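Step one of this worksheet: look at the structure below.
The values are calculated or read from the model by the stated rules, or taken from the named source; none is laboratory data. This structure is a prediction, so every number in the text was calculated from the model and none was measured. Glycine gets a Cβ as well: all are built from the backbone with ideal geometry, and neighbour counts include every protein chain shown. The area values use the complete protein model at the heavy-atom level, side chains included, leaving out ligands, DNA and RNA. Shrake-Rupley method; radii C 1.70, N 1.55, O 1.52, S 1.80 Å.
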Amino acid sequence: MADIEMEEDHPRLILHNFLTEDECKELEFIHKSCSTIGYRPNVFSTTLSHLIATNSAHLIIPFLPIRDRLKEKVEETFGCEYELVTEFTGLISWSRGASIGWHSDDNRPYLKQRDFTAVCYLNSYGKDFEGGLFHFQDGEPKTIAPMVGDAVIYTADGRNTHSVDEVTSGERLTLTLWFSRDSSHDEDAKLILLLEENVLHKSNNVPWSLLPLPASDNMYWFSPHQASNQDIGFDIRLGRLHALGFDVYYSRDMNFGSDLSELLMEPMQLARRDQLLDHKFVNVLHSLQVAQFYFWEGCKSQAFTNEVQSGKAVRLSRSQSEKITRVGVNRDLMLCVRPCPIRRCLLQNKLDGNRHCLGIQPFPLCVDDYH
């Protein structure tokens, strides 16, 4: 891990290869499975509290050792051992059009508790996205080109005012943490309370299950360019499925004049080209998590052909294909202004199976492994 020396007037440190590629890929899987609309235009986020709220608390586990390592490194670097708590942990991705101007991370009254920042880059400039360079206003290094596994830590005050260039293509993905000396802002205490409430709710009302429960529908609704008409846009869960080459299939006749949020809570199956996977998912978030797991594990889209022969997947009948076509046409009308930017919805380039280094594990085995 090669570190760049820290300037006294602008305390910051670059940590090369702080995260392994496997750690980055696992966090990418979590984000692309669970993210919602973020805090700025064209930004998507995944917070730990959101994972708990959507019955996906088990996905917090990969964050824990990384948070501890980062906190220890920040305390060591800035001479505040055993003084800090983690104030916030989140996965944040920036799609085409996202940017932020000059600011410090404590630039609002409600952010003054933030003392230090850590940003870990989960993918690479020039390979996974264009634009999105990170700039410090003063001091050295002046500009950082994000590279997978690298991290930058710095004080959250005006000594490290910074900006991020507009992303022009792809999706720029980071793990961002803030640390505070004020223990009343300890994120862990808040998360433990949420977990206790979640467990109590389950024990009193519903059987224990690790199947995801989607958040409010508007948390997944993306309006390009912050359209004034919020009906113009698309659901990012469907967008990510479509970017992987999947369509959704409903076995019973649906009334497509009904509310989209009701449709996406219905049990569904996944189809790819002319093949239908013989597994029913409880809702669209469930199907998205399994599909992303499938690609994260290096499974091969070609395996669908083998599943047809084994009976795990079947070729679509004409009537089934017509249903999927109707879903697709309606999706174009409901989720996009033009037919059909969904295919380039999030990343503005095609993310089909050809983009992945794929192995041979069949999709149904990934379904079983995930569960």
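For this structure, a couple of remarks:
- Failed criterion for Leu70 (all others in (1) open to solvent by 20 Å² or more (accessible area, probe 1.4 Å); (2) out of contact with any helix residue (DSSP H, G or I) (no Cβ under 9 Å at 6 or more places or on another chain) hold): (1)
- Val85 vs. criteria within 18 Å of Gly149 (Cβ to Cβ) and of a type in the set (A, V, I, L, M): no
- Of the residues Ser49, Ser99, Ser56, the single one that is touching a Lys or Arg at 6+ places or on another chain (Cβ under 8 Å) and hydroxyl-bearing (Ser, Thr, Tyr) is Ser49.
- When residues of the range 19-42 are limited to those that are assigned to a loop (DSSP other than H, G, I, E, B) and out of contact with any Leu (no Cβ under 8 Å at 6 or more places or on another chain), the one surrounded by the fewest Cβ atoms within 10 Å (Cβ to Cβ): Tyr39
- Residue list for the range 98-127, restricted to those being under 17 Å from Thr174 (Cβ atoms) and either outside the structural domain of Gly149 (by the TED database) or not in a strand (DSSP E or B) (or both): Ala98, Ser99, Asp105, Arg114, Leu122, Asn123, Ser124, Gly126, Lys127
- Looking across the range 118-143, the residues that are under 22 Å from Thr77 (Cα atoms) and open to solvent by 20 Å² or more (accessible area, probe 1.4 Å) come down to His135, Gln137, Asp138, Glu140, Pro141, Lys142, Thr143.
- From Ile153, Ile192, residue being at pLDDT 85 or above, β-branched (Val, Ile, Thr) and part of a helix (DSSP H, G or I): Ile192
- Every test in (1) modelled with pLDDT of 95 or more; (2) farther than 22 Å from His185 by Cβ; (3) in a loop (DSSP other than H, G, I, E, B) is passed by Glu130 save one, and that test is (3).
- Any hit, the range 51-64, residues being surrounded by 15 or more Cβ atoms within 10 Å (Cβ to Cβ), assigned by the TED database to the domain that holds Asp157, among the aliphatic types (A, V, I, L, M) and in contact with a strand residue (DSSP E or B) (Cβ under 8 Å, 6 or more places away or on another chain): no
- Residue identified as more than 30 Å from Glu83 (Cβ to Cβ) and either outside the structural domain of Lys25 (by the TED database) or among the hydroxyl-bearing types (Ser, Thr, Tyr) (or both) among Ser169, Ser163: Ser169
- Unique residue being within 23 Å of Thr47 (Cβ to Cβ), in contact with a helix residue (DSSP H, G or I) (Cβ under 6 Å, 6 or more places away or on another chain) and either open to solvent by 40 Å² or more (accessible area, probe 1.4 Å) or modelled with pLDDT of 65 or more (or both) when the list is Asp247, Asp217: Asp217
- Residue count for the range 77-93 under the criterion of being in a loop (DSSP other than H, G, I, E, B) and of a type outside the set (Gly, Ala, Ser): the result is 5.
- Within the range 177-196, the set of residues being closer than 15 Å to Glu72 by Cα and either surrounded by 15 or more Cβ atoms within 10 Å (Cβ to Cβ) or free of Cβ contacts under 8 Å to residues at least 60 places away in the same chain (or both) comprises Leu177, Trp178, Phe179, Ser180.
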